[in-house]
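Heads up, the thing below is written out as structure tokens.
Every read-out reported here was derived from the displayed coordinates using simple, explicitly stated rules and does not represent laboratory data. Computed from a predicted structure; not experimentally measured. No Cβ is skipped: glycine too gets one built from the backbone with ideal geometry, and neighbour counts run over all protein chains shown.
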Amino acid sequence: MRAVTFHGRRDVRVGDVPDPAIQEPTDAIVRVTTTGLCGSDLHLYEVLSMFMEEGDVLGHEPIGIVEEVGPAVTHIAPGDRVVVPFNIACGDCFFCNRELYAQCETTQVTEHGKGAALFGYTKLYGQVPGGQAEYLRVPQAHFGPIKVPEGPPDERLVYLADVAPTAWQAVEWAAIPPGGTCTVVGLGPIGQLAARVALHRGASRVLGIDLVPDRLAMAQRHGVEALDLREHDDVAAVVRERTEGRGTDAAIDAVGLEAHGSGMAKALQRAAGMLPDALAEPVTLAAGIDRLHALRLAIDCVRRGGTLSISGVYGGALDPLPLFDLFDKGIQIRMGQAHVRRWTDDLLPLVTDDADPLGLDDLTTHTLPLDDAPRAYELFQRKEDGAVKVLLRP
Ligand SMILES: NC(=O)c1ccc[n+]([C@@H]2O[C@H](COP(=O)([O-])OP(=O)(O)OC[C@H]3O[C@@H](n4cnc5c(N)ncnc54)[C@H](O)[C@@H]3O)[C@@H](O)[C@H]2O)c1
Ligand SMILES: [Zn+2]
Ligand SMILES: [Zn+2]
């Protein structure tokens, strides 16, 4: 089958790999019909490339049709339309019973001291072949795949795999009081949807910060007060000015470790990226530093006693964080990978509603054939041609 494979920093290719097959009774095989590119894929493409191996199949946002199921898989059958969550969880362990699916104890990658295995996401997370491919082997398929109805387009339902639950969790973790305010730092797909979910769930105002005009304009179309980072020397001061001098009740970081505007850390990340993988890996694990501009900005924008919710992915071991500010302001912090299945029952009615309450029809900017994946990665990374969310069609 055809699949998007990793070959080095900024080098993905589409090639032939062996067809996946059922290996465990709890497996399923899904024929992928549409599959997303995520900001997390961009981290692998750039600063976390040392944890990838030549030929690894990328991708973790698939929707498709069940081809085959193992004998232990009973809630889905061949021919069913399913969305596959990006984290792989068993549904019945210490953590799954607490709905902390991103920490599933059955799939945890203990060898590297990490949480649940993820599709297409480095050896630190199990090196499980990903969903940017014609076919996907789904482990723990007796629990993971979400059966979805015929009717709504792939372009909407595919967001159940990652973006919508991640945004939903970001807002849940942000604990915005009824009628309260929230700043969303970063208006990529995650930030766009987090802002919309916050408004949908009762926030009175959402202020969004980015530096890409198309993304600011998209947020504005959905009721967000958009602030262009490049137009303000101190954008957090603008957020405070607009909130009676206090800052917003909550702030969501939807940027992560490659934030624009962190020159020193960028140079260090680049230097680690230049090392051979055998050296870069231990250096990054022991002494890696994230680009913290966005996280610091979020800390600056949240009011005293407010909540900071971090969806952006971080991987640093020695990050210099402003603990004085965090402590003095009495900020609560919640973060982590989304526990996808925990939120999909809340989301399914919204995603399948013809009225499209989350405006999902205005998120996908490009749908390209799988064979155009190299161009798709480039476009998404460079944010060219108005790219916000890019999907591939195998
Ligand atoms: N927690 C989870 O489960 C989960 C799931 C999916 C994605 N993510 C992470 O969420 C983050 C965002 O993903 P995405 O798909 O929206 O990616 P993206 O790269 O398209 O979005 C990031 C946005 O942040 C903006 N940005 C960069 N530096 C900034 C700064 N200093 N201030 C304000 N804005 C800035 C960029 O212009 C871009 O629009 C990534 O780190 C991704 O890995 C986490
Ligand atoms: Zn993702
Ligand atoms: Zn589990």
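Tabulated data
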read-out	value
Percentage relative contact order, the chain, counting C-alpha pairs under 8 Å, at least six apart	18 percent
Exposure proxy ranking, count of Cβ atoms within 10 Å, fewest first, for 90, 182, 38, 96	90, 96, 38, 182
The stretch 172-219, relative contact order [Cα under 8 Å, separation at least 6], %	43 percent
Rounded FRET efficiency, nearest 0.05, which uses the C-beta distance separating residue 333 from residue 285 and R0 of 22 Å	0.45
Taking all pairs of distinct alpha-carbon atoms in the stretch 243-394, Kirkwood radius in angstrom	18.5 Å
FRET E, pair residue 112, residue 241, Förster distance 45 Å, beta-carbon r, rounded to 0.05	0.50
Of every Cα-Cα pair in the stretch 164-335, the percent that sits beyond 20 Å	50 percent
Relative contact order, percent, the stretch 164-335 [alpha-carbon distance under 8 Å, six or more residues apart]	25 percent
The stretch 254-339, Cα convex hull volume normalised per residue, Å³	97 Å³
The chain - charge dipole about Cα centre, Lys and Arg +1 at Cβ, Asp and Glu -1, debye rounded to 20	840 debye
Mean projected area (nm²) of the alpha-carbon convex hull when the chain is viewed from all directions	17.9 nm²
Residue among 246, 304, 341 with the largest mean-square fluctuation in a Gaussian network model of the chain, springs linking Cα atoms under 10 Å	246
6, 86 arranged by Cβ crowding within 10 Å, fewest neighbours leading	6, 86
Least to most buried among 13, 196, 81 (fewest other Cβ within 10 Å first)	13, 81, 196
By average C-beta atoms within 10 angstrom, highest first, the peptides 202-212, 369-379	202-212, 369-379
Furthest towards positive pole of dipole, 69, 175, 143, structure part the stretch 62-194, Cβ charges	175
Tilt relative to the chain, helix 340-352 - C-alpha long axis, 0 to 90 degrees, to 10	90 degrees
Cα-centred dipole magnitude for the stretch 164-335, charges only on beta-carbon of K, R (+1) and D, E (-1), debye, nearest 20	380 debye
Net length gained if the chain between residue 325 and residue 21 were fully extended (0.36 nm per residue, minus Cα distance)	104.2 nm
Hz values of 3J(HN,Hα) by residue in the stretch 200-209 - Karplus curve (6.51, -1.76, 1.60), Gly and Pro given as x	4, 8, x, 5, 7, 8, 10, 9, x, 10
Pair residue 384, residue 97: separation of 7 Å Cα→Cβ label points (nm)	5.3 nm
Spin-label pair residue 150/residue 361, simplified geometry with 7 Å Cα→Cβ offset, distance in nm	2.1 nm
Semi-axis lengths, Å, the stretch 77-198, gyration tensor of Cα atoms, sqrt of 5 times eigenvalues	25, 20, 14
Full-extension gain in nm, residue 274 to residue 260, via 0.36 nm per residue minus C-alpha separation	3.1 nm
